[in-house]
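Remarks on the structure that follows.
The values are calculated or read from the model by the stated rules, or taken from the named source; none is laboratory data. In this text, all values refer to a predicted model and were calculated from it rather than measured experimentally. Glycine gets a Cβ as well: all are built from the backbone with ideal geometry, and neighbour counts include every protein chain shown.
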Amino acid sequence: MRTILQIISLLALIALTLPSVIFLAGKMELNMVKWLMLVATIVWFVTATGWMWKDSGAEDQEAS
Amino acid sequence: MNTEQQSQQAQTGSEFEREPVPKNALLGFKSFIGMYAGEHCAGTELMIGPLFVAAGVSAFDLVAGLLIGNALAVLSWMFLCAPIATRRRLTLYYQLEKICGRKLVTLYNLANGVMFCFLAGAMVTVSATAVGVWFNFKMPGLNDVYPNSIGWVVAVAVVGGLIAIVAAYGYQTVAKFANVAAPWMVLVFLAFGFVGLRHFIDATGTEVGSLGDLWGLAKAEIWEGGPPQEGQVKFTFWHVMFFAWFCNMAMHVGMSDLSVFRFARKSWYAIASSAGMYVGHFMAWISASILYAYQLHLNPADTDVLPGPLAYRAAGLVGLLCVIIAGWTTANPTIYRAGLAFQALTPNSSRFKVTLITGAIATIAGMFPAIAMKLLGFVALYGLVLMPMGAVIFVDFWLIRKFGLQSSYAELSGKTFNWAAGLAWFVTLATAWVLVRFAGVQIFFVSLPGWFVAALLYIVLSKIYQKKFRPVAAE
């Protein structure tokens, strides 16, 4: 499960960046770029939270 | 525990705070790369990049200044800070206490806390500009000092209040969220740059078929190098280089990151700071500056530096989220650390209350746009104020015994206020003030001579002071 989440979140980062590269090449409309970035952002936060949050320490200890 | 948390705990001094870090708690090289890349891609980058453009910087001065200045910053971490950190493995505060005494460290904490408060205020300002895009109230201009609309005050109060409450209740949760957000944020900054470049290509009708064409566009349209905007200082290569070198001066030359690198197995791990410098202080600054340059290209009279609208134009909702998250995730630890610094003054007070009060001060500071709009000068001041203590630590560790003097003098003598270190700090700052106020030297350039002044003063004053008050061990 963890590996799947990592792969999806990696793909989300690619999907976040690629539209702006294609826009720079003049092959995509800005509105489409914004929508794709938004979708990629949602996918990133959902999937990355699934594995990175756990990495950050399961116990939510109060800073002392 | 994750590295960033550990590092942040290290910075706040909550772990091994009065003992050297043991071998089994040391961290690998990779840990430091992640931490630096995340920490230096923050909300304030969205102000600093545009302010370079407002300062009339040219393309060559910007790129060359950032390349060299950031390299000097990395070298400062590698050769000034990390070697001491990995030899002593103590927090900055404990090391300072040994040298300066508890009372002088308390004063240092106060100065640090105040600077952190204002820095957090600038981060709140950045986040609040995103709220302005949604609610369309009047936002501050480049030269505004005071809040200029009720909407602005309310937005900053809400954003700052939320950040303060979250920092007081769930600092660690936000720290974890910051870990998740960091890679996303870096790539959104990169996307800002790509989108901004395309806007320029379209707006100017430039044919870009090679890197040479791109450089031509950069020189002629993006960073033209003309006069600065009204009220701004003209930035040359030297300004950019010294700014890039010293904007984190408190951390490297000022030795604040002793607390971070005490966890490093080897001192060369400090090269990991280059991830932060060249991602945050090169790519992110350049990207953000392109967005502002495009705004000026469309309407030269629209000089407002407002990260929210700039990011929204480039990336829509994602841009706004980036501004809010970048401001929030960096203001959170800043308010928390400021709270810790203030708490050292009143150790019996509740950390929760102190953090809330600190957040309230930062929020009020954030309402005054002058801090964010003059961020280049403020960041230089922040480094300058804390730098002399870095020089004191450097001299105390490497040089002082060569002059027949005692290292860690306060610890040996039982003094709570080492006047040699204290005067080295105050006189250096006074000298810098005189240079800026009366000799016309800009604040960006006083820190380098200031370091040597502080080092020299500490040696000379220690000669006098240690002769007068000889520690038992020295007799």
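When you go through (1) in contact (Cβ under 8 Å) with a residue 60 or more places away in the chain; (2) within 19 Å of B:S127 (Cα to Cα); (3) of a type outside the set (F, W, Y); (4) in a helix (DSSP H, G or I) one by one for B:M139, which number turns out not to apply?
(4)
Scanning for something surrounded by fewer than 15 Cβ atoms within 10 Å (Cβ to Cβ), more than 7 Å from every other protein chain (Cβ to nearest Cβ) and at pLDDT below 95, does the stretch A:44-58 turn up at least one residue?
yes
Which number in (1) over 17 Å from B:A59 (Cβ atoms); (2) part of a helix (DSSP H, G or I) marks the one condition that B:F282 misses?
With (1) over 17 Å from B:A59 (Cβ atoms); (2) part of a helix (DSSP H, G or I) applied to B:F282, the lone miss is (1).
Take the stretch B:426-454 and flag every residue that is free of Cβ contacts under 8 Å to residues at least 60 places away in the same chain and within 11 Å of B:V385 (Cα to Cα).
Matches in the stretch B:426-454: B:F426, B:T428, B:L429, B:A430, B:A432, B:W433.
Mind telling me which of the residues B:V195, B:V188 ends up being facing chain A (nearest Cβ under 8 Å), more than 22 Å from the chain's Cα centre (by Cα), crowded, with 21+ Cβ neighbours inside 10 Å and assigned to a helix (DSSP H, G or I)?
B:V195
Listed here are the residues, each with its yes/no results for (1) more than 14 Å from every other protein chain (Cβ to nearest Cβ); (2) not aromatic (F, W, Y).
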residue	(1), (2)
B:E230	yes, yes
B:T236	yes, yes
B:M251	yes, yes
B:D257	yes, yes
B:Y292	yes, no
B:V305	yes, yes
B:A314	no, yes
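Of everything in the stretch B:142-164, what is more than 23 Å from the chain's Cα centre (by Cα), modelled with pLDDT under 95 and in a helix (DSSP H, G or I)? Give them in sequence order.
Passing the criteria: none in range.
Please count how many residues of the stretch B:362-392 are surrounded by 24 or more Cβ atoms within 10 Å (Cβ to Cβ) and closer than 19 Å to B:A421 by Cβ.
Of the residues in the stretch B:362-392, 8 are surrounded by 24 or more Cβ atoms within 10 Å (Cβ to Cβ) and closer than 19 Å to B:A421 by Cβ.
For the subset of the stretch B:163-185 comprising residues that are β-branched (V, I, T) and facing chain A (nearest Cβ under 7 Å), which member is nearest to B:R337 (Cα to Cα)?
Across the stretch B:163-185, the extreme among qualifying residues is B:T173.
Can you tell me which of (1) assigned to a helix (DSSP H, G or I); (2) touching a residue at least 12 places away in the same chain (Cβ under 8 Å) is the one B:G226 doesn't meet?
The failed condition is (1).
Working only within the stretch B:165-199, note down all residues that are modelled with pLDDT under 95 and of a type in the set (F, W, Y).
The answer is B:Y169, B:Y171, B:F177.
Which one of A:L30, A:L36, A:L18, A:L13 is over 16 Å from the mean Cα position of the chain (by Cα) and within 10 Å of chain B (Cβ to nearest Cβ)?
A:L30
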